[in-house]
Amino acid sequence: MSSPKYEKLEDDEEPGDQSSITSLAEQDKKEFEPLKGHTWTQPATSYGSTLPAPPERSTPEMGSYQDPALEPPRVIVSQPVQFVEQPEYLCYSLLAMLFCCFPLGIVALIFSIQTQGANRNRNREDAQRYSNRARTFATLAVGFGLASLVIFIIATVVHHNQTQNSPPPNSP
């Protein structure tokens with residue numbers, strides 16, 4: 001609140017003159033008139049009286065700035081993510097186990113079965129992890145089996161060449 005304003009009385013006016021009191025009251029009234037654009041002001045209240053409710057807020061036009069505390073709450077709508085089953089590599093694991101490397105194929109088969117269970121439970125993270133491990137171990141089994149096959153073929157060829165080039169054993 002502002003402090004009261006005092007005017008110097010002219011010599012012909014007395015301190016209790018009614019005209020000076022009404023002019024001061026009109027000045028105070030003008031001072032407390034609402035500003036342009038504002039539709040609600042808080043009236044002076046006495047003890048025990050209630051305040052009137054403030055007017056409804058209007059929604060701002062697009063592009064206008066408004067304090068974030070005064071913005072209406074935003075609603076975010078999200079759709080659930082559709083579950084995508086991870087590949088199991090069951091056939092790949094079985095073939096790697098039977099024809100390439102049995103121990104690594106067993107490990108790949110176990111991970112492919114765990115992938116099936118995680119897919120059934122719709123656990124995407126576990127299914128992806130087990131699927132990657134099943135593929136890795138099946139690929140390692142195939143790689144180890146192929147490397148073993150190549151080494152076996154090379155050893156057989158070398159052994160065959162050595163036996164052909166050596167002289168026949170002496171007969172007694």
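The values are calculated or read from the model by the stated rules, or taken from the named source; none is laboratory data. As the structure is a prediction and not an experimental result, all values here were calculated from the model. Here the Cβ is made from the backbone with ideal geometry for all residues, glycine too, and neighbour counts use every protein chain on show.
Points worth noting:
- Of the residues in the stretch 142-158, not one is among the aliphatic types (A, V, I, L, M), under 12 Å from GLU88 (Cβ atoms) and modelled with pLDDT of 95 or more.
- In the stretch 129-159, the residue that is surrounded by the most Cβ atoms within 10 Å (Cβ to Cβ) out of those that are of a type in the set (S, T, N, Q) and closer than 19 Å to ILE106 by Cα is SER131.
- For the stretch 76-91, the condition holds for at least one residue, the condition being that it is crowded, with 21+ Cβ neighbours inside 10 Å, over 14 Å from GLY145 (Cα atoms) and touching a Lys or Arg at 6+ places or on another chain (Cβ under 6 Å).
- Residues located in the stretch 87-129, provided they are among the aromatic types (Phe, Trp, Tyr) and either without any contact (Cβ under 8 Å) to a residue 40 or more places away in the chain or outside any helix (DSSP H, G or I) (or both): TYR89, PHE102, PHE111
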